[in-house]
Amino acid sequence: MRNLITDVRGLMVGNSQDVEIATGVTALLFDAPATASVSVSGGAPGLRDAHLLEADMTVERVDALVLSGGSVFGLDAMGGVISVLRQRGRGVEVVGQLAPIAPGAILFDLANGGDKNFWREPVYWRLGAEAARAASGDFALGSHGAGFGATVADLKGGLGSASAVTSDGFVVGALVAVNAVGQATIGDGPHFWAAPYERDGEFAGRGWPDKFDPSALAIRMKGAEPRNTNLAIVATDAELTKAQAKRVAIMAQDGLARALRPVHAAMDGDTVFAGATGLSGREAGPVELTRIGAAAADCLARAVARGVFEAKALKFPGALPSWRDKFGG
C-alpha cells in the first residue's frame with residue numbers, strides 16, 4: 001500500500017502543470033472501462049460529460065476521469081485526455097469509430113498570481129494530454145497537477161491522496177485537488193480539521209489542539225467574492241453498479257465536510273466522482289457498500305489534509321504560504 005488512490009487495482013494517475021500560468025491537470029486512467037458516477041454539492045460546478053454518469057444514462061463505463069484548473073478554460077483538458085485514449089485504441093465503438101469517455105470537472109485558479117494571458121493557445125488540451133501520458137502507479141502530491149494552482153483561505157492548497165482497506169477486504173482510495181473557499185486547518189494554528197482520521201503521521205501527526213478555542217469556529221473565507229472548488233475522485237476494487245457508485249460518491253462528500261470549513265458554498269463547484277474497477281471480483285451488498293462509502297469519506301478527509309501538507313507556495317508576489325512555510329516540517 002502506497003497510501004495513494006492507485007492502491008486500487010486497475011487505475012493510474014498522471015499530472016501535468018504549467019509553472020508560468022500556475023495551473024495544472026490531473027488525469028485518472030482506468031486500465032479497462034470502469035463503472036462510475038458523480039455527486040455535486042457545490043453551487044457553481046464546471047463539468048464535462050458528467051451527466052453521463054447518472055444511473056439513467058446510457059453510458060455504463062468510463063475510460064478516465066479528469067480534474068483540471070483553469071475554470072471554464074480547463075474544460076479543454078478532457079479533450080487532451082480523450083486524444084491520448086483514442087490513440088491507444090480506447091473508447092466506445094460508434095459506427096466504426098472509437099469514442100473515449102473521460103468526464104471531468106474544473107476548479108477556479110485564475111486569481112493566484114500566474115500569467116493568465118494564454119487565451120489564444122489551447123493550454124489545457126496540451127496539459128490534459130501530458131497528464132494522460134504521464135499516468136502511472138506513482139504520482140506526486142501537493143503542488144502538482146490540478147493542485148498546482150490551488151489555494152485554501154489562508155494557505156497553499158494542493159493535490160492529495162490516501163487509501164484504506166475495509167473490513168470486508170475491499171480497497172478504497174481518494175484523490176483530491178484542494179482549492180477551498182475555507183480552511184483546512186483550525187483557526188490560526190497548524191492542526192488539521194481532518195486530524196481524527198490521520199494515519200501514521202501522514203500530515204505531520206499534530207492531532208487536535210490541546211485546548212480548543214471557540215474562536216476557531218469563526219468562518220474565514222478566501223477573498224471578497226470567493227470562487228473555489230474542491231475536485232475529488234474516490235475509487236474501489238469492488239464490483240458496483242452505477243447506482244451504487246453514486247451512493248459512494250454521495251457518502252464521500254462527507255470527507256470534504258470533515259476536512260474543510262466551510263465547504264459546499266454558493267460559488268463552490270465541489271464535485272466528487274466515484275469509480276469501481278471490479279477487480280476484487282466481488283460484489284458489494286448494502287452493508288459492504290456502506291463500509292466502502294464510509295472508508296471513501298475517511299480517505300477523502302485524509303487526502304485533503306495531505307494535499308495542503310505536501311504543497312509548496314507559488315513563486316509570485318503576495319502568494320499564500322504553504323503549511324510547511326508557516327508551521328515547519
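We did not get these values from a lab; they are worked out from the coordinates using the rules stated. This structure is a prediction, so every number in the text was calculated from the model and none was measured. We place every Cβ from the backbone using ideal geometry, glycine too, and count neighbours over all the protein chains shown.
Just a few scattered comments:
- Amide H within-cut-off set for ASP109, under 5 Å, with H built and near neighbours excluded: GLY70, SER71
- For the residues PHE148, PHE118, PHE273, a GNM of the chain with alpha-carbon springs under 10 Å puts the largest fluctuation on PHE118.
- Of ALA64, ALA27, ALA284, the residue with the greatest mean-square motion in the GNM of the chain, using alpha carbon springs below 10 Å, is ALA284.
- Shape category assigned to the stretch 46-196 from the gyration tensor of Cα positions, a/c cut at 1.5: oblate
- Extension gain for ARG86-HIS51 works out to 10.5 nm (0.36 nm per residue, less the C-alpha to C-alpha distance).
- Antiparallel DSSP beta bridges within the chain, as percent of all bridges there, nearest 5: 80 percent
- On the beta carbon distance between ASP200 and TRP119, with R0 = 35 Å, the FRET formula returns roughly 0.20.
- MET267/ALA140 FRET efficiency (R0 25 Å; Cβ-Cβ; nearest 0.05): 0.30
- Counting only Cβ charges, +1 for Lys and Arg and -1 for Asp and Glu, the dipole size of the chain around its Cα centre is about 360 debye.
- Per residue of the chain, the DSSP helices (runs of n ≥ 4 H) give a summed -39500 (n - 2.57) that works out to -6500 deg cm²/dmol at 222 nm.
- Of the peptides 110-116, 287-293, the ranking by mean beta-carbon count within 10 Å, highest at the top, reads 287-293, 110-116.
- Anisotropy class of the stretch 1-46 from Cα gyration tensor, a/c 1.5 cut: oblate
- For the stretch 174-186, 3J(HN,Hα) computed residue by residue from phi via the Karplus equation (6.51, -1.76, 1.60; θ = phi - 60°) reads 9, 9, 8, 9, 8, 9, 8, 6, x, 9, 9, 10, 8 Hz, glycine and proline entered as x.
- Two-site label geometry, ALA111 and ARG61: point separation in nm, points 7 Å out along Cα→Cβ: 4.3 nm
- Pairwise FRET efficiency - GLN97 versus THR290, Cβ, R0 = 45 Å, nearest 0.05: 0.65
- Virtual spin-label span in nm between ASP210 and LYS312, 7 Å along Cα→Cβ: 3.4 nm
- Pairs beyond 22 Å (Cα-Cα), from LYS211/LYS326; LYS116/LYS156; LYS116/LYS222; LYS222/LYS315; LYS246/LYS312: LYS246/LYS312
- 3J(HN,Hα) couplings calculated from phi for the stretch 38-46 with the Karplus curve 6.51 cos²θ - 1.76 cosθ + 1.60 (θ = phi - 60°) are, in sequence order, 8, 10, 10, 10, x, x, 9, x, x Hz; Gly and Pro show x.
- Here GLU130, GLU283 are placed in order of increasing Cβ neighbour count within 10 Å, fewest first, which gives GLU283, GLU130.
- Which label in (i) 1.07; (ii) 0.96; (iii) 0.98 gives the computed Rg/Rh (Cα atoms, Kirkwood Rh): (ii)
- Extension gain, ASP325 back to THR241 (0.36 nm per residue minus Cα-Cα distance, nm): 25.8 nm
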